[in-house]
Every structure is written in structure tokens, then in C-alpha cells.
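Okay, structure first, notes after.
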Amino acid sequence: MNASVPPSAAEYGGDEVSAIVLDPGFSTTRAGFAGEDTPKSLVPTYYGKYSFEGQEKLIFGDDVFVTPRPSLSVGNPMGRDGVVEDWDMAEKLWEYSFTSRLTGAKPSNPLHNGLNDLVEGELPTEMEGVETNEKPLADSPLLMSECSWNPTKAREKTIEIAMEKWGTPAFYLARNGVLASFAAGKASALVVDIGASNISVTPVHDGMVLKRGVQHSPLGGDYISSQIRALFKTNTPQPITITPHYLISSKTAVEAGQPPQAKYKTFPPEKAPDASYRSLLEERTLTEFKECVVQVWPGPTKLSAPGPNGVPNEEMARSTPGRPFEFPDGYNQVFGVDRYRVVESLFDAKATILDPDSQFPAPTPAQTIPELIKAALNGVDVDLRPHLLANVVVTGASSLLYGFTDRLNQELMQLYPGPRVRISAPGNTSERRFSSWIGGSILASLGTFHQMWISKKEFDEHGPNIVEKRCK
Amino acid sequence: MAAADVRDMLDLPAEGQPRPHKKQKVVEKRPEGITRELFALLGERAPPIAINENRYKGRPKWQTKARVRPCARSDDLVLRHWQREPESTNIPAIEDTRAEGETKEQGEHKTADREYPFAKYNIKLKFSNRYTTDEYNRHLRSEDWSREETDYLMDLVEEYDLRWVVIADRYDFQPQRVDNTEETSSALVPSKQFRTMEQMKARYYFVAASMLALEHPPSEMSEAEFDLHERMMKFDPERERHRKELAALQLNRTADEVREETVLLEELKRITANEQEFVTERRELYSRLDVPISVSNATNYHNSQGLSHLLQTLLQADKSKKRRSILGPDGIAPTSGGQTPTIPNAPGSARDSSRADTPNGGTTQSTTTKKAAAAANREAAQQAIRTLTPAEEARYGVQHHDRLAPGVQFRSDRAQKLTQAKSHVQTQKLASALAELEVPLRLFMPTERVVKEFEKLIHSVNLLLDARKVAEKVESEIRVLEAAKEERERKAKELREKDKPEVKSEQQDNDVPIPPAPAPVAAGDASQTGQPAKTNEGQAELNGSSTTNNVADSEPSTQEQEGVSHKRSASVLSNGSDKSSKRQKK
């Protein structure tokens, strides 16, 4: 097709209104213009807070990770269940996510910045509409995503912030499950979202969430991190402690399994950052570990079960070559069967590595992914189930674990041997990580969608409760 | 040598004359997008197809922000839509709605011109009118459903456009919404009821159908409306629930069950394939057995109409064959195949007992189960392997030949050849004999048996013709000899009367009676054939020998003359009438 000829509106269906799509998650917040294929602005949902000369200062964006300021504490406005807890911080953080890259900074007050000072002999201009222009989103409609179990109060609060604080002319709140299924090009799908704090299974029918089928459990990426920590504690040559990069001043290479030889930085107590800062940076190292080492046992049977030819799966796993990993302090080790064990509990609750210090209680069998899917399917009409099983959409950054989709496929085939199981998981990492944002980007740039926006006028007329009526 | 010198020599006009050829080339402009070298190769004539069609024309220009109001909305939300800049750039790029003063007219004109292209997709289902309180009380009251809950259901149905999955999912009726203020009534409020999708559907369909019927009584409904009404009234929640239970069972099968089912399905497929194969094989057989081809499955004959149709076709087939089967066993053979279906219980015909296309066989097959069919199938397969009994051989037309002539030959050709004798006269005679027997010269149905019989017939006709020939010859000889004898007797009488002087004339007389014989010989030769017995020497020899034998047996006294006019005598008699042969045949 010729690039210089515009596609006819009917077949393309796009109509750009420079809408902004905001997809807040527990780990990262994604924002960008609708119609683009990846979010332009990707900021961590963690923020830093410290006091400087008696004033409280906030750090947003990737700067959080950079400088260990004195008494820097790290917070997250999102709750572990995906619902916002700290609305003030959430508002600031979200505002940062789109003003930093997309809309530009908020202009200073027009009454004081000198630009509107009256020239001699000129009549004062109308200042009525000026107020809305000052708000960061005055030009752009805003599409936000939310988890499927978001309570009404949180939804109303969201539209209030968007309309009153940001001044957006139009707003819409979409479920991230629906958006992920749109990103996969499906109107009906079973969305399995493996996020940082949560895994959720959302049945979507005709672009609408089936609320009775929505299931979620806390076995997300952070839970896997806690499992890795538990593994490190019980590591055989010696327990592994994670020392983040900011505490290392220099290191020398050591043999695998040998104790690290590194010089550590020390901070005097009054200058040291908060413990939350350290745990955030440790989490970064663990993320790297998950990306490089952790692997999901491909199945078809559980890791603890005997394999197809009588050999226990653990033995098989042991015989595969291990993967080495070097920690920031130089300690390195080859991880064999353990790299399978840390994620096995996503599928098999009995395989949990127990750790009394962990913030995560040991998962119940009902919290594992196969059980969640089963419960989700039991929550929807029986006629719909085979169709949903043929359209399983896997998203979320933690689903990028090596071998995850294979295992999920095997589990589903065992669970439902009859109907056809088909998993749709994009191979492109950014599509997997940002799929709900991409779905929002598609949705908000559709010409047919513009009738769905909740306009400022409607909000003024009906109040925040309109979000319940319109964003179903 | 300069050009001017050449011109001078050739008396050409001096320079200054324009050279049109070169100039043209200059005029032709090289289009953009073609390299100079390529253009040079093209020559003078431009190619018929423009080459430089798909050229990148630069980045499309987007008008920064034009304001279009989506007409699909009820409110006046104005969004800034990105649009392509029109080709002519004299239209102002930005229409500012706030400073509409002078451009107002223009702006209005534009929005009126431009219907929002996506407004047509904003459609909503049309629902029938909502009931009034009066209507509800009269027609729609229900034990199970309160007015409030029905209202709630109707709202939900409209909201979700009849997506029952979603409606059932979002259904959350709070019965005490109205009475919540009174403490006493809240105690009496019925506990929240869980409604299944079937209950909702049943209620909605009942309400909708009733409303439809109220609007138009069923007698006045259009066909579509009536269908809708019927379908809604016939909705059976119990059956739907049962169906869903079965669906759930089907979904929750274990792996073993699934495997078993696939195996069974595979088996079924194999069986049906076998059956198909069997049917086609059998059909082929029947077509070879020269039976009117009929549909092999018997379902056609289950109703009376099908049966009568079958009878009709069989009668037709019968009629067409009757004409051929007046006489002889060969006439009956082909019709027996056609007649068997009408007398299905005839035990003599082995064929129709197993035939599925006869009415009898059809009904028996229909009553048998699939398993029986499969068993029959297997039996048939075994039959194919085992050796055939003579009866079956006859049935399937299996033949064993000692030696087969190479190449393909038709039985009809063979039959045709038989009717062609070696001589034309003989052929004519054969033909006339066959005509007398009312056997067609060309067989209508040259089946194996028919041809065999035909062969026999021809053979006996030939024999009879030969016999007649001999008989006629012998007769004529007898006549000749009798005439000679008379002559002799007469002469002897004369001798006795005249005694001596008549001895001289005896020799004269002896010569005299012979001449009458050659005359018929000549006539016979002419009548018989242009080509004498030379061509069919064998037959002649055979005839000759037989005649000689006959003559020798019957009349040894004629031996001397036989030697003289063997052939002649035969031909003399051959022009005798057919009566004799006819008599013989009879």
C-alpha cells in the first residue's frame, strides 16, 4: 500500500483526537498518546520522598533509583491488590507520567507570569476560559485503565481527579483486561495477566468484563521475588545476601560459589537512605535474576511429579545445564534445578519454598494459576467456556518468564482435555508488557469510540457517579 | 571532411535548415523518476504505460487540529481531531470556535457538510414498547417476579443490548431498595434471589412476547413478527438448563474419556467409509449386472410416494423390454432382472434376496441398526474373499476362459459376425430365416446367454440351409435320373417295337435328353452368385462330400453322372423354392 495515500476512513476506523492513555500499574505506570504502538512515558510507580532543608521533596521517574539521598524513603501509591491507596501521591505520580514526556510542564500562573500583563491602552481580554487551559490535560481526552475489581469509590475518585484536577475535556475508564484483549485483537478472551503484585484472570465477552468470572491472587512478580529470597536464604554453599549496586564501591572477580570480595560503601546513619530504598534496589537485582536465570518447568507434569518415562522431573531438571548469575558484589553461582523451583508454586501450591520472614503467606491451592482459570471459567456461562479457552490472552511482564506459556498451555490442556486450548501471547516483549496500554491506544484512537467519552459537561451534570453508568 | 563540404558535393541546402529530429528530442522532457540512462534507452516513443506512478510524494500534511463535533453524541463535546490537510491550502487551517465571530458562517457550513463519519456505527437495538402499569397488572403479573425486578431486568436488557452473558453476569437486583427506610419492612424483605440466565430469559421472552401480542394480535402479525413471537413463547428454561448441564458435562470430560471418544469417532469414520465403499462396489456390480440403477439407500422407499415412483420406473423398464422378449429364452433373460423387484418374494431369484434396492430389502435394512449394517459390511468383505459358488458366478457374470483372445472385443460384434455368412446369398438367406423367426438381425441385448443362444440358432439355421441345399440337389438328380429312365424305357419300348433298325438312333437319343440339363445349370449359376464355389471351397467340399455320400447311399446308379455334373446338379436344385426348407424347419 502506498504510504502517502491515506487509508479510507471506513476501513481504518481511526480518528485521532490526541487522547492520552494512562495505564497505571503496581510496578510501572505507562502513559502515551493514543494511536502509538508503545507508551512514550514509562515511569516506575515507586516514588522517592526525602526532606531537604526542612522541605519535603519528591522524586518521580527513574531518578528514584539513582541517588541514595539521606533518609530517602520509597513509597508506592498503589495497594498490593491493584487498587490505589494513596490518592494524593497517585495523582502526583500520574500527572508526572504524562507531563514529563507528553504534555509538557504545567505553565505558571498566568496572572503572575507576566505574559498577560496589560499593554497600555488595551482592553483586558476574557479570562473565563483561561482557567481550564492551565490544567495539564486541557487539550487531551484521557483514557485510563483500572483493574477489574476496582471499587466504585476508587473509580469515582479517579474521574474526579481527571476532570477537576487535570481538566481533561473527556474521560474514560477501561478495564485493563478488556484492553489487553483488544490489544490481542479479540473482543472476547480470557485474559491472564501476570503483573508485579497480582495475577488476574479476566473473562471478557464482547468487550465487557464478566465480573463473576474475575479472579485474582497475589502470586505476581513480587511473590516470585520473595520465593527467590527464600531460596537464597537456604542456598547450600552459603546463604546469598543481595547487596545492591549502590552499596558496592569496588569488586573483584571470584570463582563460582566463592565468597564475594568487594569493598562496600557505608553510609553514616544520618545520611543513609531508608530501608525501603535498599529493598527497591534489591528488587531490581532480583528482576535481573528473573530475567536471566529463572525458568518455568515446561511440564506436562508438575516438577515434583514423575516424568513420562519414569524419571522424576526433578532429576530431569537437574540434568539440564544450569545458568550462572553474578550478583552486584561479584558473588556468582550456577543455578540448576533451583531456578525451576522458585516459580513452580505459581502452578503447584505444594512446591512453595517456605520462608517465615516473607511478607507473602504460603499460597493456597486456589491461588495458583490453573485454579484461578478454572474458577474464572466456572464463573461464566457454560456456552462461553470453550470460546474463552480458545482465546487465552497472556499478558503482564512476569509472564515473560522463560517457558511460562508452554507450561500454562500444558496445564490448561490437562485441565480441559476436550475443548481446544489456544494461547495468544505476543512474542514481542513490549507488546506483552504494555498490552493493556496498547489496547487503550487502539481504543482511544478509534473513530467509533468517541461517542463513549464522558465529557466534562456530562460530569458536571451527573457527578462522578456517571463513571459507573458509562464505563461498564 | 567537414559537413559543409559534403553538403556542397550533394547539392544540399546550406546549414541553417533546422534539424527537426534533433530538436524533437530536446523538446521531449525526461520525466522525473527515470534515470537519464534508462530514458535514453527508451528511444523516441514514450512507453505506453507511465512508469513513474508510485512515487513518494512526501510526507502527508496533517492539519494541526480541526474541530469536529462527533454527531453521535448527545452532548456537545468538541474534540480536536487530526485531519489531513486538504490539497488546496486556502481553507484556514484552524477554526477557532471561541473566536467564532466572523468565521461562524463558514464553520457552520462545514459542520453541516461533514457528517461525522463514524456516527453511522452508533446504533442501538430497537426494543418494543415498555408496558404501562395497567398492562403489567393485566397481562404480565407473575408469582416469581415483582414489578420492580421486571423493570430492572428490562433496563438491563436494554442497556446490554440483549447480551445475555453480560446481563446474567451483571444482574444484581436489590429487592429492598425502595423500602429501606422502614425498619419493619426490611425484616419482611425477601432474601435476595439468585437468578439464572434461563430464568431471566424466560421472563424477558414472556414479557416481550406478550407486549408484541398486545401490539398486534397474533393473527395480524407479519411473518417475522409471528416467528419471533412463537419462538419467544416456546422458550423452555428447563430444557435450556438441561442442555447447559450436558454442555458442562461435555466440557469437563477427563482425558481418558476424550481419548475414548476420539477413538470411537475414528472407528465410526472408518465404518462409514467402509460402508460407502461397499455401497459403491455393489452399485458397480449391479450396473454390470445390467439392472436398472437405483439409489442404494432405501430411505427413498419408506413412504408411499417413493414406492409408487419405484413401481412406475419398474413398469417402464418392463414395458420397454417386453417387446424384445416375446420368444425364446434369450428374450426372458434380460427381463428377469427388471422384473424381480415387482416379485420380491420370489425365492428362485437369488439376486433380490440380498438386494437393498428392492422394496423388501429396503425395509429390512431400514429396521436394522447401524451395527447390523456394519456386520453386514464385514460379511460382505469376507464374501469378497471366499470363492464363489456356481450360482453366484452366474449371478455376478463371472466367467472362466481357457484362452482369451488378446484385445477388447464386443459380444455384439461377435453376434453381428455370425449373421454374416461367407457369401452374400447365404447372408441373405440367413437374414430371411431370422426375419421369419422374428429374431432381429442385430441383437438388442447381447448378453452372454443371449449371444450363446444366438450362436446356436445361427448354427442350426446354417445346418438347415445346408440340408435343404442337399435335399434339393438330390431331388433334382432324382428327377433327371427318372427322366433318363423314362427315356430309356421309352427307347426300349421302341426297340422292342422296331427291333434292329433302331439301334443306330439310340446313340442320338442318348445325346438328346442331356441338353435340357445344362440350361437350368446356367440359370442356377446366374441366380446363385457371381462368385462360384471357388471362394468357399471348404463349404463346397463339405457339401460335395455330403451330397456324394447321400447320393451314393440313396442311388448308387447315378454315380457316373455325378462325376460329370456334381456342382451343376447342386446348383440346379438350389434355386428351388424355400418351401422345402420351410417344411423341413417346421
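The values are calculated or read from the model by the stated rules, or taken from the named source; none is laboratory data. From a predicted model like this one, the values you see are computed outputs, not experimental measurements. Heads up, the Cβs are rebuilt from the backbone with ideal geometry, glycines too, and the neighbour counts pull from every protein chain shown. Areas reflect the complete protein model, heavy atoms only, side chains present, ligands, DNA and RNA absent. Shrake-Rupley method; radii C 1.70, N 1.55, O 1.52, S 1.80 Å.
Table for the structure above
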read-out	value
Restraint check, A:LYS469/B:LYS126; A:LYS40/A:LYS265; A:LYS49/A:LYS135; A:LYS251/A:LYS271; A:LYS40/A:LYS157, Cα-Cα greater than 27 Å	A:LYS40/A:LYS265
Euclidean distance between Cα centres, region B:191-232 to region B:116-134, Å	18 Å
Averaged over A:381-387, number of beta-carbon atoms from partner chains that fall within 10 Å	5
Residues of region A:370-390 with amide N under 15 Å of the 7 Å Cα→Cβ point at A:GLN414	A:370-374
Inter-probe distance in nm under a simple model that places probes 7 Å from Cα toward Cβ, at A:HIS462 and A:ASN428	3.5 nm
Among A:52-65, A:437-450, A:413-426, the order from most to least packed when residues are scored by Cβ within 10 Å on average	A:437-450, A:413-426, A:52-65
Separation of the B:ALA391 and B:GLU44 label points, Cα + 7 Å toward Cβ, nm	9.6 nm
Dipole of chain A [Lys/Arg +1, Asp/Glu -1 at C-beta], most positive-end residue of A:VAL293, A:ALA425, A:GLY207	A:VAL293
Violating pairs (Cα-Cα greater than 18 angstrom) within the set B:LYS201/B:LYS234; A:LYS472/B:LYS201; A:LYS92/A:LYS457; A:LYS165/A:LYS456; A:LYS153/A:LYS374	A:LYS472/B:LYS201; A:LYS92/A:LYS457; A:LYS153/A:LYS374
B:VAL398/B:ARG442 FRET efficiency (R0 30 Å; Cβ-Cβ; nearest 0.05)	0.65
Per-residue mean of C-beta atoms belonging to partner chains within 10 Å, peptide B:116-123	5
Efficiency of FRET from Cβ geometry, B:SER74 and B:GLU230, R₀ 35 Å, rounded to 0.05	0.45
12 Å beta-carbon shell around A:PHE459, net charge (K/R +1, D/E -1)	-3
B:GLU135 versus B:ARG253: modelled label distance in nm, points set 7 Å from Cα along the beta carbon direction	4.7 nm
Solvent-accessible ranking of B:SER308, A:SER226, largest area first, probe 1.4 Å	B:SER308, A:SER226
Table column - 3J(HN,Hα) (Hz), region B:193-199, Karplus curve with 6.51, -1.76, 1.60, x for Gly and Pro	9, 8, 9, 8, 4, 5, 4
Region A:220-362, relative contact order in percent, only Cα pairs under 8 angstrom and at least six apart counted	31 percent
Shape category assigned to region A:327-472 from the gyration tensor of Cα positions, a/c cut at 1.5	prolate
B:VAL474, B:VAL451, B:VAL78, reordered so the largest accessible area comes first (probe 1.4 Å)	B:VAL78, B:VAL474, B:VAL451
Length-normalised contact order of chain A in % [C-alpha pairs under 8 Å, at least 6 apart]	21 percent
Exercise: per-residue mean of other protein chain Cβ atoms within 10 Å, B:155-164	1
Whole-Hz ³J(HN,Hα) from phi, Karplus 6.51 cos²θ - 1.76 cosθ + 1.60, for region A:185-191, glycine and proline x	x, 10, 8, 10, 6, 10, 8
Modelled FRET efficiency - R0 25 Å, A:GLU255 with A:SER319, Cβ distances, 0.05 increments	0.60
Share of carbon and sulfur in the accessible heavy-atom surface of region A:262-387 [1.4 Å probe, %]	55 percent
Surface accessible to a 1.4 Å probe, per residue, for the residues of region A:220-362, Å²	50 Å²
Mean projection area, nm², convex hull over Cα of region A:220-362	9.4 nm²
